[in-house]
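The values are calculated or read from the model by the stated rules, or taken from the named source; none is laboratory data. Note that this is a predicted model, so its numbers are computed, not measured. When we count neighbours, we look across all protein chains shown, and the Cβ atoms used for this are built from the backbone with ideal geometry, even at glycine.
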Amino acid sequence: MEYPVTRLRRLRSSEAMRSFVRETHLEPGALVCPLFICPGEGVRNPIASMPGVFNLSIDEALKEAEKAASLGIGGLLLFGLPESKDEQGSGAWSEDGIVQRALRELKKSAALRDLLLLADVCLCEYTSHGHCGLVKKQGEAYEIENDSSVRLIARTAVSLARAGADIVAPSDMMDGRVAAIRDDLDEAGLEKVPILSYASKFASAFYGPFREAADSAPQFGDRRSYQMDGANLREAMREIELDLAEGADMILMKPAMPYLDVIRAARERFDVPIGAYQVSGEYSMLQAAFAKGWLEPERAMMESLLSIRRAGAGFIVTYFALEAAKLLG
Ligand code: PBG
């Protein structure tokens, strides 16, 4: 049936009508807020390239977490800035590592009972060279070793789960790490802790501001030998397939907006919970446009989140989590 019988504008005539036929919805419970935990007390250091984002000491993180919980946010994703770094990234799996201590503290708060605590599992914030795995140097050349890195990454996951992480989320992109993490968790009696694998993670320029926030920029070279080439959708499907075969319970797609087609393809192909990470650069470029008065903040923020949801992400890790939850609430 065509015009004039069919008039699609009939269903756009009022907000009530539009809301009645809306296909995609956002809710606070589907949002995950990243937090960057640093040493000290009363510390709330702003990240210059990410307005509204801070490095927080554990006491400040607790306040932020309670805010998130009261807004009905689904979870927090924790990153750590250790006091010191070394070649192996030993701060990542240390019993009294910065995120381990934060987890123990946050777990004590009754107000956070319904807030999931996700721990990012990676070495890059803890290694002196800033790579996500161990570096083997041969003269001028260097290699990021896979299997030895996987041992340490699995050890990190166990340590974070022991400290109270509800979900461990490996973001390093080494081969075989999901299987190793599952094995080690099970062996440690942590068989109930799920793995959210950053299965589809591209080597992206959009991680730039994060590396300031987490102080994790590689000191030489780049991450292209472990993170995926941005041109490859089929390879992303293989990464996901392998991670699921190794025991991943959920997958995370990253970045989000420049890779909406990859999220859509994954949604159609895999029947597991899928999340997407609206990464630091996506946030910073919107904030920059807001600061210039070039975009309407609330509308642009919500539209960006909706696009990710519509592409097929069930949950979204986003630096806008608290702001968006306020609007949705
Ligand atoms: C750690 C990690 C990174 C991000 C999440 N986990 C940095 C990277 O891979 O360089 C990026 C998140 C963001 O940009 O917001 N491997």
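Out of ARG151, ARG182, which single residue is more than 17 Å from ALA92 (Cα to Cα) and more than 10 Å from the ligand (Cβ to nearest atom)?
On the way: ARG151 fails: more than 17 Å from ALA92 (Cα to Cα).
It is ARG182.
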Read through the list (1) in contact (Cβ under 8 Å) with a residue 24 or more places away in the chain; (2) assigned to a helix (DSSP H, G or I), then give the number of the only condition that LYS63 fails.
-> (1)
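Residue by residue through segment 135-152, note down the ones that are part of a strand (DSSP E or B) and either β-branched (Val, Ile, Thr) or on the phi > 0 side of the Ramachandran plot (or both).
Step one: list which residues in segment 135-152 are part of a strand (DSSP E or B), which gives 135-138, 141-145.
Correct list: VAL135, ILE144.
Mind counting the residues in segment 78-95 that are touching a helix residue (DSSP H, G or I) at 6+ places or on another chain (Cβ under 9 Å) and in a loop (DSSP other than H, G, I, E, B)? Even if it seems obvious, please write down each step before you answer.
Initial filter on segment 78-95 (touching a helix residue (DSSP H, G or I) at 6+ places or on another chain (Cβ under 9 Å)): 78-85, 88-95.
Those left that are additionally in a loop (DSSP other than H, G, I, E, B): 81-85, 88-89, 93-95.
The qualifying residues number 10.
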When the residues of segment 199-224 are filtered to those that are crowded, with 22+ Cβ neighbours inside 10 Å and away from the ligand (no atom under 11 Å from the Cβ), which remaining residue is farthest from ALA119 (Cα to Cα)?
-> SER200
Output yes when any residue across segment 164-178 is away from the ligand (no atom under 13 Å from the Cβ), in a loop (DSSP other than H, G, I, E, B) and crowded, with 23+ Cβ neighbours inside 10 Å, and no when none is.
-> yes
What are the residues in segment 120-134 that are touching a Gly at 6+ places or on another chain (Cβ under 9 Å) and assigned to a strand (DSSP E or B), if any?
-> ASP120, THR127, LEU134
Residue pairs meeting the criteria (Cβ under 7 Å; at least 6 apart or on separate chains; first closer than 18 Å to ILE263 by Cβ, in segment 222-248; second among the basic types (Lys, Arg) and within 16 Å of the ligand (Cβ to nearest atom)) | GLN227/LYS201; MET228/LYS201
Are any residues in segment 44-63 within 26 Å of ALA289 (Cβ to Cβ), of a type outside the set (Gly, Ala, Ser) and surrounded by fewer than 18 Cβ atoms within 10 Å (Cβ to Cβ), and if so, which ones?
-> ARG44, ASN45, PRO46, PRO51
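Given the condition among the acidic types (Asp, Glu) and surrounded by 17 or more Cβ atoms within 10 Å (Cβ to Cβ), answer yes or no: does some residue in segment 93-107 qualify?
The answer is yes, given that some residue of segment 93-107 is among the acidic types (Asp, Glu) and surrounded by 17 or more Cβ atoms within 10 Å (Cβ to Cβ).
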Residue list for segment 100-144, filter: aromatic (Phe, Trp, Tyr) and either within 15 Å of the ligand (Cβ to nearest atom) or modelled with pLDDT of 95 or more (or both) | TYR126
Given (1) acidic (Asp, Glu); (2) assigned to a helix (DSSP H, G or I); (3) surrounded by fewer than 19 Cβ atoms within 10 Å (Cβ to Cβ), where does GLU41 come up short, assuming only one miss?
-> (2)
Is it the case that some residue within segment 216-229 is under 20 Å from ALA92 (Cβ atoms) and of a type in the set (D, E, K, R)?
-> yes
